[in-house]
Structures are given as structure tokens and as C-alpha cells.
Amino acid sequence: MKVAISTGGGDAPGLNAVIRAAVLSALHRGFEVFGIRRGFGGLLEDEEVVPLGREDVRGITHLGGTILGTTNRGNPFKWPVRNPDGSWSEVDRSDELIERFRGLGLDALIMVGGDGSLRIAYELWCKGLPVVGVPKTIDNDVGGTVITFGYDTAVTTATEAIDKVHSTAESHERVMVVEVMGRYAGWIALNAGLAGSADVILIPEIPYDIQRVCDKIREREAEGRHFSIVVVAEGAVPKGGGPTVKEAAGAGRMERLGGVGEVVARQIAELTGKETRSLVLGHLQRGGSPTTFDRLLGLRFGAAAVRAVAEGKFGHMIALDPPEITSVPLADALAEYKRVPLDSDSVLTARELGICLGD
Ligand code: F6P
């Protein structure tokens, strides 16, 4: 059995743990393993499909990033091609990809990715490619699994940043607005905000009213609390409005969000007269060494993916259904984004602690 592994989309701490576990488990079964470099770039552009052995995955569990490289412009169904005039077009190279995969004598593909890459995995499986998906995203918005690796590290990084911002906010009696990642789901903002004792948390699931946010800041002011911490998910939206877009979608890639923290900070300063600063944590949340939780989840997911390959469970995605690692049909996992349920105990806890959620 020849098994290929590919990492696609934005990176997440824990990817290398998945690769290590998948490679060692595959070798343990007598399978050969190959890594496709740069998402599908290694198959479609540079023919960089490299054999992976024990030596290649030594000492990588604790490392952030992915030894295989990745890209979020690697959709074979919408492959970006540069035109002679410098503009970009998209072409469908999925048949070519399948042909090359078969030409290399590969029998199975383990595709580690977020929602976008798992959709590609599903479409490739529909076209006959034997694929097993492994969910990855710091945003934790993939359905079918209670949690994805990378998320715990991102929340930990965001919480540490909020802790640090607290002391400077208090000394200067300022409002500090911290923008964290989370395109469609506010898991990072909600849980880092809760753990870091934020006063206001704005998530995409609850459109915010800036007046409510300012009421909370004024209320604190009246109580003698002259500083406030506001945590905003990059995908947070004002009531009746849309997300703050930094760059429109282009060939082979989604629109880039970002900047809502600065927008919120400006409005708070104008409406309350409080000195306000904003910062964007951005890709800090995607980097660094994975937490113990993410290492373990990555290792368990990687080993489970090889088990699924051995059992012929193609078209499935590995998932955590505590305490078990299971697998679910990719179609079911992709049926909807996993967003923060408004009646979840974390949302209730935030409200009961007096945290303003912008509504
Ligand atoms: O999906 C994870 C994510 O971190 C999103 O929260 C964010 O919008 C996106 O990746 C940023 O991706 P890029 O690396 O293209 O800036």
C-alpha cells in the first residue's frame, strides 16, 4: 500500500504531530508513505512527492508549521493561473491531479486541512480518489468533530496576549481592543476572552451594537474601573452590516478579513472619549509550538487516519467524539460550519459574568 499525505490551507500547530503519527503508523503496517509538498503544488507543479521515512519525522511533534509546506491557493478545481497580461484565471486541474496520483502508483490520500481543503477532499473522493480527511483549523469551525488540533494553541496564545494587554490598559486607563482570528466562528474570541477576563467579546455569531459596547465601558468607568479590554473576532459584524474585508477574494483564494478591531476602537474613542488602542494578533495565533493537548490530538488523528486507510474507510473524516477518536462521512462533517451555539454554556457563562457580547 502506498499512502500519500498532504497538508492544505492555513497551517495550524499540531500538523507535524499528525504527519509523524501517520508516517510511523503506516510504516508499522508495512505501508510506504509519501509527502506531497505545498498542498497539491507538489503534484501539479513541481513533481515534489517525497518518500517519508522514520528519519524525516524524527523530533517534529513539538514543532509548529508543517514540514510538507502548505498553501491556501491550492484548490485543484480552481487552480490559479497567471495570464500574460498579469491578471489571474482559475482552471480545473482535478482530472490531471487524479491522473498523476494514479501514475505514481499511490493507493490512498490522507488530506489534512480545514473546511476548504476538506471540501476539496470530498470532491476528489466523489471523482474516485481514495481519500481520508483529517480536520485542522485554529478557528475550530469544522463540523463533525468536537474540536480540531491547533485551536487549543491559538486560544492559549490569545489568552496570554490578553493577559499582557491588561496591565498596560490599566496603567494608562485606556480601552484596548484585541482582534483575534475566527472568520465565521467566534470560538477563539469567546474562550480567550473568557479566560483572559475581557469586558467585551464580539463574535461573528452575535452581530454587535457599538452603543451596547460603549455602555459597558461607561458603566465600568462609573464604577471606577478606568480601563476595559475588548476582544473582537476578525469576522465580527455590526448589526445590519457585514464583515471588515482587507482584501477581496482573488483567483483561487477567499477574501481576507481583518481590521474590525481598528474600526471598533475608533468608534469607542469617538463615542466615549476614552483613549483607545487596538492590536491584531493575526498569524501569531497560528504559529509556535503546539500545546500538549494539540500534540496528543494531532498524534491520535494521524494514527487514526492510517487505521481508516487500512479499513478502506475512504470519503470519511477523522473526528474527536470524546473520549473516542472516530470517523464521520466527509459529507456530514461539511454539511455546516461549526459555529458557537448561542445557548451554549460558554455564552451563558460570559453573560452571567457580566461580559458584554455586543447585543
Ligand atoms: O482559517 C484559519 C485562519 O487563520 C482564519 O481565521 C483567517 O481568516 C485565515 O486563516 C488567514 O489566512 P491567511 O494565512 O491567508 O492570511
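The values are calculated or read from the model by the stated rules, or taken from the named source; none is laboratory data. The shown structure was predicted, so the numbers you read here are calculated from the model rather than taken from an experiment. Positions of Cβ are backbone-derived with ideal geometry, glycine not excepted, and every protein chain shown enters the neighbour counts. Each accessible area value is taken on the protein alone, full model and side chains, heavy atoms only, with ligands, DNA and RNA left out. Shrake-Rupley method; radii C 1.70, N 1.55, O 1.52, S 1.80 Å.
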Tilt of helix 94-103 relative to the longest C-alpha principal axis of the chain, in degrees (0 to 90, nearest 10)?
40 degrees
Average accessible area per residue (Å²) across the chain - probe 1.4 Å, nucleic acids and ligands excluded
42 Å²
As a test, work out the antiparallel percent of DSSP beta bridges whose residues both lie in the stretch 69-227, rounded to the nearest 5.
40 percent
Helix 115-126: inclination vs the chain longest Cα principal axis, degrees, rounded to 10, gives 30 degrees
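Could you compute Rg(Cα) / (2.2 N^0.38 Å) for the chain, with N its residue count?
After normalising by residue count via 2.2 N^0.38 Å, the value is 1.06.
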Within the under-11-Å Cβ sphere about residue 21, not counting residue 21, Lys/Arg +1 and Asp/Glu -1 give a net charge of +4
Sulfur and carbon atoms: percent of accessible area, the stretch 187-235 [1.4 Å]
44 percent
For the stretch 210-336, the Kirkwood Rh over every pair of distinct alpha carbons, in Å, works out to 18.9 Å
Which of the trypsin sites (Lys or Arg not before Pro) across the stretch 24-76 are loop residues per DSSP, with 15 or fewer other Cβ within 10 Å?
29, 58
Find, to one decimal place in angstroms, the Kirkwood hydrodynamic radius of the stretch 282-359, where the mean of 1/r is taken over every pair of different Cα atoms and then inverted.
15.7 Å
I want to check a number: in the chain, how many lysine pairs have alpha carbons closer than 22 Å, given a sequence separation of 8 or more or different chains?
13
For the stretch 116-173, with all protein chains present and a 1.4 Å probe, just round the carbon and sulfur fraction of the accessible area to a whole percent.
51 percent
Report, for the chain, the % of DSSP beta bridges that are antiparallel, rounded to 5.
30 percent
Provide the solvent-accessible area of residue 205, counting protein heavy atoms only and rolling a 1.4 Å probe, rounded to the nearest 10 Å².
20 Å²
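When the expected Rg is taken as 2.2 N^0.38 Å, what fraction or multiple of it is the alpha-carbon Rg of the stretch 10-83?
The stretch 10-83 yields a ratio of 1.20.
Which percent of the accessible heavy-atom area of the stretch 288-359 goes to carbon and sulfur, probe 1.4 angstrom?
54 percent
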Acute angle (nearest 10 degrees) that the helix 210-222 long axis makes with the longest principal axis of the chain, alpha-carbon atoms:
50 degrees
